[in-house]
Structures are given as C-alpha cells and as structure tokens.
1. With respect to residue B:162, is the statement that it is away from ligand 4 (no atom under 16 Å from the Cβ) and in contact with a Gly (Cβ under 8 Å, 6 or more places away or on another chain) true?
2. Looking only at the range B:221-245, count every residue that is of a type in the set (Ser, Thr, Tyr) and in a loop (DSSP other than H, G, I, E, B) and tell me the total.
3. Does residue A:35 meet the test of being surrounded by 13 or more Cβ atoms within 10 Å (Cβ to Cβ) and farther than 29 Å from residue B:252 by Cβ?
4. Out of all the residues in the range B:221-258, which are under 30 Å from residue B:334 (Cβ atoms), open to solvent by less than 30 Å² (accessible area, probe 1.4 Å) and of a type outside the set (S, T, N, Q)?
5. Can you find even one residue in the range B:76-86 that is open to solvent by 10 Å² or more (accessible area, probe 1.4 Å), within 14 Å of chain C (Cβ to nearest Cβ) and of a type in the set (D, E, K, R)?
6. Scan the range D:331-342 residue by residue and report those that are more than 23 Å from the chain's Cα centre (by Cα) and open to solvent by 50 Å² or more (accessible area, probe 1.4 Å).
7. Of B:52, B:7, which residue is without any contact (Cβ under 8 Å) to a residue 60 or more places away in the chain and farther than 26 Å from residue B:282 by Cβ?
8. When the residues of the range C:19-67 are filtered to those that are farther than 22 Å from residue C:308 by Cα and among the hydrophobic types (A, V, I, L, M, F, W, C), which remaining residue is farthest from the other protein chains (Cβ to nearest Cβ)?
Protein chains: 4
Amino acid sequence: MSDLTNDRKIEHIQAIEKDPQTDRSGHYFDRIRLSHRALPELNLGDIDTGCDFLGYRLSFPMLISSMTGGDHELIKRINRNLAEAAERCNVAMAVGSQRVMFTTPEAKESFRLREFAPSVPLIGNLGAVQLNYGIEKAQAEAAISVLEADALYLHLNPLQEAVQPEGDTDFSGLAEKIKKLASELDVPVLLKEVGSGLSPADIELGLQSGIKCFDVAGSGGTSWSRIEHHRRKDSSDLGLKFQDWGLPTPLALKMAEPYLSSATIVASGGLRDGIDMVKSVILGASLCGMAAPLLKPAMESADAVVAEIEKIKTEFRTAMFLLGVPDMRTLYNNHALIVEEC
Amino acid sequence: MSDLTNDRKIEHIQAIEKDPQTDRSGHYFDRIRLSHRALPELNLGDIDTGCDFLGYRLSFPMLISSMTGGDHELIKRINRNLAEAAERCNVAMAVGSQRVMFTTPEAKESFRLREFAPSVPLIGNLGAVQLNYGIEKAQAEAAISVLEADALYLHLNPLQEAVQPEGDTDFSGLAEKIKKLASELDVPVLLKEVGSGLSPADIELGLQSGIKCFDVAGSGGTSWSRIEHHRRKDSSDLGLKFQDWGLPTPLALKMAEPYLSSATIVASGGLRDGIDMVKSVILGASLCGMAAPLLKPAMESADAVVAEIEKIKTEFRTAMFLLGVPDMRTLYNNHALIVEEC
Amino acid sequence: MSDLTNDRKIEHIQAIEKDPQTDRSGHYFDRIRLSHRALPELNLGDIDTGCDFLGYRLSFPMLISSMTGGDHELIKRINRNLAEAAERCNVAMAVGSQRVMFTTPEAKESFRLREFAPSVPLIGNLGAVQLNYGIEKAQAEAAISVLEADALYLHLNPLQEAVQPEGDTDFSGLAEKIKKLASELDVPVLLKEVGSGLSPADIELGLQSGIKCFDVAGSGGTSWSRIEHHRRKDSSDLGLKFQDWGLPTPLALKMAEPYLSSATIVASGGLRDGIDMVKSVILGASLCGMAAPLLKPAMESADAVVAEIEKIKTEFRTAMFLLGVPDMRTLYNNHALIVEEC
Amino acid sequence: MSDLTNDRKIEHIQAIEKDPQTDRSGHYFDRIRLSHRALPELNLGDIDTGCDFLGYRLSFPMLISSMTGGDHELIKRINRNLAEAAERCNVAMAVGSQRVMFTTPEAKESFRLREFAPSVPLIGNLGAVQLNYGIEKAQAEAAISVLEADALYLHLNPLQEAVQPEGDTDFSGLAEKIKKLASELDVPVLLKEVGSGLSPADIELGLQSGIKCFDVAGSGGTSWSRIEHHRRKDSSDLGLKFQDWGLPTPLALKMAEPYLSSATIVASGGLRDGIDMVKSVILGASLCGMAAPLLKPAMESADAVVAEIEKIKTEFRTAMFLLGVPDMRTLYNNHALIVEEC
Ligand SMILES: Cc1cc2nc3c(=O)[nH]c(=O)nc-3n(C[C@H](O)[C@H](O)[C@@H](O)COP(=O)(O)O)c2cc1C
Ligand SMILES: Cc1cc2nc3c(=O)[nH]c(=O)nc-3n(C[C@H](O)[C@H](O)[C@@H](O)COP(=O)(O)O)c2cc1C
Ligand SMILES: Cc1cc2nc3c(=O)[nH]c(=O)nc-3n(C[C@H](O)[C@H](O)[C@@H](O)COP(=O)(O)O)c2cc1C
Ligand SMILES: Cc1cc2nc3c(=O)[nH]c(=O)nc-3n(C[C@H](O)[C@H](O)[C@@H](O)COP(=O)(O)O)c2cc1C
C-alpha cells in the first residue's frame, strides 16, 4: 500500500512542520520600494483585481502552488481543502507531483479534485527529469486525466535531486523530450522550478521547446535543499550547504523581463502576502503562486484556506488602491510604480 | 453627547500612548550628511531663523501638525496648550480633523483657539475624502470660521481609511471636488497626507486643482496604519502589514523638488529635532511640521510644549550656525550644504 | 588661584575618563582598503619614516595634538610627560588652549615645555573666536613666547561653543582678524578644528587669510559636543544631539585634496593607530595628530607615552613595509595604494 | 634534536587549535552570486571535474595547501595522512616550509612523502625571504629532492615576518634572487603568499622573474598575523592590529585576471567548500588550495582527510551541475555564470 515515493510526501510535510527554517524567509521583495498615491482617484470598491488565466477569469492573480498528492488521509484532506478553497475564492490550483500515481495507484484518489473545483484552472504536475526515467506521454495523459487538468506543470528540480543520496540526476537531453511531450499533449505544458529559479537560459530552452508559460519559482521561500537534508540518514550536510542556492524570486522576475513578449511568467518562491504579489505583477508576473503559507491552513479546513486567501486578496487590493491602479492591465509590468531611492 | 467620530480621537491617543512603535522611528533623515563650517563667519546671536507663512512672520519654520479636536476634556486641554504655545513661540498650528463638529456639535469648543493664538497662522483640517461623503462648502466654511483659520488643510489618508473595517474608501473624483471647493473658499486650501507621503503625481493633480501648498507628510514617523490596527476588533493584521507603506519624508521631499517653482512644500512625518528640520528646508520645505513629539507635552501644559519647541528651535539655530547660514533664504533648497560621501 | 577657564580643563579630563563614549569610535578609516605587496622589495629596517615639519626632521609624521594646560598639578604633569615623550620620540607636540594664561597667570608654568623638548616642533594654541573677545597680538605673542613655540594653532570650535550655555559664539568677521594676526606674528599660524572637520570653504577662507597649514580635526574620535554636555548643569541634551555632527576625518581629507598644492594638511580626529596614519598620509596629510589615545599614558609617565608612540610608529612602519613604500615622499597622496572593491 | 624553527610549527598548530579566530571567517566568496540552471541538460554523473596540473590529471582542481613539516611525531603523521589522502583522492599536495630541514636534519623524514603519494603532484616549500638569509640553489635542490617534488613553492610572507619580534624582514632585492633560483632549478618555481594576497605589482615582478604560476593566498581564512601574535611573549598587539590586512581572496583573483593569458593562477585563503572553489575557478583559478579545513582531519587519519576532500568534491560537482557546466574548461574564467544584482 505504501512505497518510497508515497511516503516521501509525508516526510516532506513533517520536515516543514518541524523546522521553520525550511522557509528561508529571504524577504527579497522588501528591497523593492513602491510609490504611493495619496490621491488615487479611485473607489477601493471599484478596483478590479480580476485576471485571465488558461481561459478562466480569476478573482485575482493567485495560484495555490504545487504541493502534494498521495495515498494518505492527511494528503487527501489537504488537496480537497485546497481545491474547495480554490473554487470558493476563484483562484488557480496546481497539485504536487503525480508520479506517485504510477507506483501507488491508490494515490490517484488524491488528485481527483475536479468535482471540488469545477470552475477554476487545475494544473497537473510531474517532474521533468522523469522523462529520463520512464515517464512518457501515457503517464502524462493519465496525470492530466485524473485531475481533469487544464495544463500540466513539468517541474525542474536539479538541486533537490542532487542533494538526495539516490536522486534522479540525469538531466541530459531533457529539452528535446519536453518538446516532444508538449507537442503530443492536448493541454499546455508549463515549466517551473521548485525554489531555485529559472534563469534566462532555461526560459530560452523552454521557448525553443514550444513552452509558453514559465513559473520562475525562485529562492527566498521554501528550500527543497534543506527539506531533503532532513530526510538523509547519513552525515552529509550537502543539503544545508546549498539551502540558499539559486535566484531570488524578484531577481529571477527581472531577468525574465526580456521574454515577456513571448512568454507568460508566473511568480512563486517566497511570496508571503498581497504586497509581494503586487510587486511580482509589476515585475511582469501574470500569476502569483504560494505554497508553504497555505499548507497549515490546508491541514485544517477549506475554511481556513479561504480565510488565508481572502486576507491576501485584501492586501493585494489595498496595495492596488494605494498605487492608484484600477485593474490588472495597469499594474502589469508597470515600472513607473517602483521608486528608486537616490 | 459622544459618537463614533468623537470617541475615535481618544482611542488614537491611547493607542499612541500604549504602543511606542506607532512612531516608526525610521530616522530617514540620518542618512543625509551635512557639511560643517568651522569658520561660519557668523554671530550665533545674529542668525535669523524667522520666515514668512500665510502672511505671518514666524520665529522659525515650525508647524504644530494636525492632531486633534473633539468633545473631551483631555482633547480641549491639548488643543489649548498647543495654541497657547504656538502663540508664545510664534509658530504655526494646525488642528486635527474637524469632521467631528458635524456629528458632535459640542466638539466645536475644542477648535475655538483664536483667542489663545491671536497672532499666528491657524490651519483648519478636514479629510478630503469626506467630499465624497457629504461634506461640502458649508461645512468647510464652518470649520474655518470656528477656528478663525488662515487656511484649510485637506488631508489625504487612503491607507488609514483602507485599513479600517468600514473606512471611507471612495477616493474617486476627488481632485475635481477639491478644485471646486478651493475656488469657493476665502482662505487657501492646503493638501496633506498623514504619514505615507505625497507623490509627484499627487502634487501634479493638486496643482491642476488650484492648490499651491502641499505637506508631504511622509513615512518614518507616526504610522496611522499601525494606530488603526489597534482599533480593530477582528483578527485582521492588515494595519500591521502596511505600517511602513509609503514614501519616507526625505524621499518625498526630493521627489517634490521639481515643483518648488510652482508650489510651497511643507515637510512632516518623522521629523524629530531641529537638525531634521534644517535638512527638510535644505530639501525645499518652507515649513516643518511635527505631531507625535508634541503630544505628550500638550497633555501636560502649555509650558511643556513651549519648552519642547524652544529646545527644537535651539537645535535649528545651532545647525544653521554650524552650516554658516545666516537666514532662511540662504538655507532654503541649498543643496551645496549636503555632502555626498565618496 | 583658580578661575572658570582653569577649572574647565580638569572637568574635560574627568568627563573623558568617566564616559568612554566621548571617543565616538567612528572607525571611519576602516572603510578604506589598502593594497598589499607580497614582494615589497624592501628591507623593513631600511624604511625611512622620517619627514619634515616646521623646519624639523621628525622620526615619523606624528603630532601629539593639542590637549591641555592650566594651573593644576595633574595638568602640568601631563604636559611635561607629553613634552618629554615628544623629545624622546622626535615627534611634534601642540599644547591645549593657552587662554587660561590670561585669567590665571600661574597656568603659564604648564606651557613652559621647551626645556623638556628642545629639538622638536612645539605649537601654541588659542581659540580663534577669542579674537572677538579681547585676545589680540600681545596675547598671541605671550602664548608663543612662554612655549618658545614654532607655530601657533588657532582652533575653530563653533560647535563646542554653541553647546555651552554661555559659549563664545560670535564667530563673525574672524577671517579678517585671523589674517591680521597672522601677518603680525613671527611664527606661522595654523588653523584647526577640534573634532568636526574643516570644510573646503573654511580652507579657502583660511588661504585668503594667508594661512598655509590646516589641521582638519574631523569627527569620529573625541566629541567636544558630548564632553561639554557633561559639564552642563541644566537638562538640555543639545550636546548629545550634535555629538556626531561634522565631517569624518577621511572625508575631510578627501575634500581637502584640491588644496594640496597650496596648503599643508594635518590629519586629526579619530586616528587610533599607525594604519590610520598611513591612510591619512595617502589621503594627503603631511602630519597626523592624536589626542585622546595619549591622554591616559600622559597621566602616568613619559615612559608610558613613549611606549604608546613607539607602538604606533611600529604599526606605521609595518604598514609602509607591506605597501612596498620606502619613504614618506612615496606614501604622500599616493592613491594607487588604495584598492577600490568591485 | 629540536631547535627554534622546529618547535615553531608545533606552536602554530597549537595556536590554531586553541583560537578558532585564527580562521578569520571572512566569507568573502558569499558576496558573489552565481546563476542557476533549472535545465542543465546534463547528467550529474557525466560531469567531468578533472583537470591538469603540472602534467598530472587530477580528479578535481584541489590542492592541499602548504602546512607543515618537522621532527615531531604529530607533524610526520599529519604529512603522511595528507599525502595518503592526496593519492587516494587524486589531488595535489604542497608541504609546509622545508627550512627546518637545514637546522634540524631529522625533519627531513617528514617530507619523504613520495612513497605515500606516487601519482599526484607534490610541491616543495621554502620562504622566498630566506634567499636573503643564506638559502640558495643547494638547499632548494635538497628540498625538492627529499620530496621528489614536481615544483617548488616560494612563499612570500612579509606580514608574518614583520609581526615577529625577530622576523626575517629583509625583503630587498628578492625578485632578482628568485629569478636566478628559478633559472637554476629543474622543476618550476611557484610564488605564493600565505594569507594577505598577491597584488598585480607582485605578479608583474614575478613574471619578470620567469615565474609562470602564482597562488594568491589572500585574506579571509587563516591569519598568520594572528597566529604569530599568540607566539609573542611581550605585550605587543601588532599581530592583532594587522590580522585582517591584505587582499580578500576573491578580490585578489579579480585583480589577477589581466594576467590570465601569461600566468596560471592558484586560489587559496579562506576557501571553505566546493562552492568557494567553483567561484574561484570562475574568477580564473586553475587550482584551489585549502589548508586550515584539512588540519584537524589530518591529525586524525588519512581516512578523515579523504572524507573531507570527497565531501568538498561532491559540493564542487553539484555546483557545476547546477550551473549547467560539464567540464573545467567551460567553468574556467566564465563570468557569464555570475549574476550581478540590479
Ligand atoms: C509542501 C510543499 C510541497 C511542494 N511540492 C511540490 C511538488 O510536488 N512539485 C512542484 O513542482 N513544486 C512543489 N513545491 C514547490 C512550490 O510549488 C513552488 O514552486 C515554490 O516556489 C513554493 O514556494 P513557497 O513555499 O516559498 O511559496 C512544494 C512546496 C511545498 C511548500
Ligand atoms: C496624535 C496624532 C493625530 C493626528 N491627527 C491628524 C488629523 O486629524 N489630521 C491630519 O491631517 N493629520 C493628523 N495627524 C498626522 C500629522 O498631522 C502629520 O501629517 C504626520 O506626518 C505627523 O508626523 P509625526 O507624528 O511623525 O511628526 C495626526 C498625527 C498624530 C501623531
Ligand atoms: C583631552 C583633550 C583636550 C583637547 N583640548 C584641545 C584644545 O585645548 N585645543 C584644541 O585645539 N584642541 C583640543 N583637543 C582636540 C584635539 O587637539 C584634536 O583636534 C582632535 O581632533 C583630537 O582627536 P582625537 O582625540 O580623536 O585623537 C583636545 C582633545 C582632547 C582629547
Ligand atoms: C597550519 C598551517 C600552516 C601553514 N604553513 C604554511 C607554510 O609553511 N608555508 C606556506 O607557504 N604556507 C603555509 N600556510 C598557508 C597556506 O598554505 C595558504 O597559503 C593559506 O592561504 C591557507 O589558507 P586557509 O587556511 O585559509 O585555507 C599554512 C596554513 C596553515 C593553516
């Protein structure tokens, strides 16, 4: 009933619960100072935080980032709570890696979320590196199908794999296989990191592979290198050594700006409130993902997740108001809202 | 006898007394280094700190910033102490929001300050956003008349309103209404923030509305977002999240410099001594407001307020002396007095 | 036997002893990084730290800065110890303000130091502002004569005077009077600050007054504003407010560089070891003064002062060695020795 | 059996053991941010960390830096453990100063390491300054011969000598003598510092003397100035004063870049893990030395040293993987891998 891949997800959650420093609290967004409008010439109530993503209209540019899935009661509860909250708040949701489905078929249940979230974007998730370890079109289709997904995230996690004693570290020739898979599937494939950031070279390879949407998933928030460190039995401290490796999310966003005309950028990694989200959109993000901040509420109830998301939405709307920005179109990639100190 | 608006002012004062962190202590002026003149070629006693404001000659460019008013013994005492001190020190004084007059007529008494301060500028105060909630010419005239005011401050406080559960957050179309009101009144209308700063876009809108004087009231000192947080009964931490939002006062002053030829700039927000005032004038301020530092003395006596103001004046004069600056005209917007480290 | 001016000097010393923060420990020189020569191509023993000042050949560019004088046993002992050490170490020495001689004639004794220091430069000291309070040629000549001085320091201390309740704060028209006095005396007049720095404007005025040598005496070390604070009986904190006012010594040196072709620059204020001295010479100083670090040894014995100076000389020589610099001429104003980080 | 030079080495080791601050922990490499490749297009297992040095193929660009030698059981054990580990890990090794051989012939034993390390580069070591104190061709040849060395390090340590009471501080005319010696020997001569960095002027002199390989040995790690301080019997604090003197290793590497076409650069001084090594190679180093981190394991066993080196190699390989760099040729001096924050 349980296998290595299935157990792993519970171990991850335990590591996060026990060690608050798995959230690196880089607060990199704090270094960006926004302007303020004393005369916003707006009614706070009239501000339209809505935006489009994958053909849906969202209440605001929020994504519940990929977290979990597997054959455990806790995990099923987490995913249902998240899905229900996504629906009630009208935001997007991505699931955690679905690879577990192929070793533990009972895990499928945890991804059957469409009934709880009929009218929001749901995004599947597989590790891109698995394309070098047996995963191909058939499994990708299965992953999409169980979730009735609108898109499929392929996550890139070379650091997470490298710090595991037996990680899947053959990342050779992946771009070609991603290209092939993307062309075979009926839904769009999105590329993401898991906390070290996509660099311009990664985005260019992705564009050449036909990918149109990228989640930078930079550093500053959840550190997979540190989480995996806790799972090691030996004395290696490799995971600690690399715990802050990578591109801070705001930096990754800035470095991705040249690609805004050809790609949709998603921000994630260390976003912690609606102000971080507003800054991300100003730097070119169309959608903003959060994972760790929603984990604890998700272990509790859908209500708790809804409360957290509504809180963030209020912050987001308040910041738009104080910037004098009536809608997402005006906020998006609007550098005039950033104040350079002199 | 008491209503919501009237009680509020007492709650504000209590929040400030209980929580020293409502003064954000940004010390943003400390980052500016002034030159020093070992040979000032001046007699300290000859330095003329005097300046003109609203047709009055002040002993130095000090304004007791808008604080309070209402139907409470404490509040009346505060205002009388401030007014008496303003007169004795020959500095300007602004009162707190006079809106309370329209819901609690007994509050008027607290604004009848002309007898205590016959020969200094007195400035009335109303929230600009109230122009969207029923306030118009008649009330503005009443506010001016009870104070026998020389001018009327309209304060812009979108953040303070936004962090209140039922704040007045319709800031739409205000510029037009400000323009209309300004053209109808007999005394000049001044625009101010309350601790988040006016940005260039705000000043431009204000100029188009016929306003000639702006109080940037930037961040670094009293945080209304944090004060309002203490008044909330629910669990929201919105007020804390935004407690440092806005433009630091020195930055707001620098950003306002392009408008010095067409506007009079007042500095406030986090000024804490005569050195901060000197720096503000160097950055283009014609008048320097302080609120929080005068609150405690004002609860005590006019003497205590006078002592505080005289202390600040000595600091101001000393700094002018050490800069070799004989008068306000030479100090004003004189960037040569700032030393850039290299 | 004792008067106000005479007592004052003892009070200063007590304030310094009781409050270690009168030395502001700015460590401003630490921000300058020097290069290193692994192959200096020098014999440490061959390095020539000698330099010329006021017609004397010094063992290295050290000046015992102006400190004290007066009719007290302790003060006489301090001055004799300093003078004896200056002679034994072959460095220059300046005495503290000699104004006390004119109110307490017994104080003269403390300045009769030539017998202890026959072969090094001795520099007299008077407050320039006293030229507005009765001091003129006759007194200056008396001051020079009792010390058999090679030069006379006029110190500029507008801050120190301004923070005293009854300070001599008429600094008007001083440049003209300095010019007159300088032309009348047989020895050169040097201008110095006492811890707030000379600015370019001061040096230019000085040059116009015929002065050729300037001691910048910047901030970072002894704070007279703080020392005078301790002497106040009232509740004013003016002295604390201004305790860090002024130009940090390295900054004052950099700002003085345009005048190196027409003036000799002395560095003082916060120099604490031979490395600070080397940096000062690199920034254009011909002589480096220290006061506070020598006070405690001077209260003990000439031996203690000699030990301290020899320690500093060793540091100075070691730094020259590690920079591959054989002599003062090569060190002086040699910016190539500074490494800009990139 | 024991003399001053022989005892000294034991005293050094004791000072390092007792005072952890002899490692200055500058962490200067932390200021360099590297990019990240989410899509490295590499198999971690395929990465080739190998490089050539002195005609050998090394498993990765690691050098066990010069540490010790002498007639002591502990010291012999250290050197054998290091040599055995160098062989097993296939990395280069340098020995500590061999001067002790000439005063204590029994010390030779400690340098007879070729049998333990038959197939890796072994580098002898002498202080360059000894060329002014009697050392010449014959001794250099003896040093090379006992070690069967592939090269000879001449170390430059003007600071270490200067802070010793009776240090050998005649560094005059060394370049010429180095040139002569280098031309006479059968193996190449390498120049190194011991923790204060080589500057461009040093490298230029070295090039003119026919040297082709330079170990910058900058500051940030082991401070010889501080170690020698502990050996002083008098009260001087000269060694503490200069403990952080010199060029931080990354800065020294950057300053050496103009010479990359004519010289081979070795990095050492404060490197503490495989990430520091990767950064060093990016800045132009062909080999990366570490001393202090290997001392404690070397006192234990060859196994302990091997474990430490393997750990570092894993970090090195992991960083190459995450940069998408397949081999040393691609890593070397590749500035595109550095991210400048904006
Ligand atoms: C508990 C947890 C589980 C995660 N699992 C996955 C996963 O299975 N697949 C994936 O692509 N990302 C996963 N992530 C990474 C996030 O989706 C996202 O990329 C990362 O940037 C979240 O940042 P944050 O936690 O700092 O908000 C996980 C994150 C957390 C906190
Ligand atoms: C107790 C208190 C009450 C205030 N009330 C008002 C007010 O009614 N109207 C207004 O325009 N500003 C009000 N302010 C804001 C100040 O007038 C000013 O704009 C602000 O920048 C003061 O900064 P400071 O307290 O940091 O000196 C108040 C400030 C304080 C401390
Ligand atoms: C105890 C003491 C007394 C001083 N007295 C005088 C003085 O009488 N006249 C003067 O020109 N400077 C006086 N100074 C200032 C120093 O001469 C010098 O200008 C100042 O920069 C010393 O810096 P340092 O103490 O940081 O080394 C005195 C300093 C000290 C510490
Ligand atoms: C215990 C010890 C002994 C050393 N002995 C020598 C030596 O004899 N000759 C030499 O050239 N360098 C010697 N060094 C310096 C190192 O070889 C190297 O140059 C220095 O940069 C090492 O830096 P690290 O300890 O910070 O890694 C020694 C270093 C240590 C820690």
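1. No: the conditions fail for residue B:162.
2. Qualifying residue count, the range B:221-245: 3.
3. No, not satisfied.
4. Hits for the range B:221-258 are B:221, B:246, B:247, B:248, B:250, B:251, B:252, B:253, B:256.
5. No, the conditions are met nowhere in the range B:76-86.
6. The answer is D:335, D:336, D:340, D:341, D:342.
7. After applying the criteria, what remains is B:7.
8. C:54
The values are calculated or read from the model by the stated rules, or taken from the named source; none is laboratory data. Predicted, not measured: the structure shown is a model, and the values here were computed from it. FYI the Cβ positions are ideal-geometry reconstructions off the backbone, even for glycines, and counts take in every protein chain you see. Ligands, DNA and RNA are stripped out before the accessible areas are found, and what is left, the full protein with its side chains, is counted by its heavy atoms. Shrake-Rupley method; radii C 1.70, N 1.55, O 1.52, S 1.80 Å.
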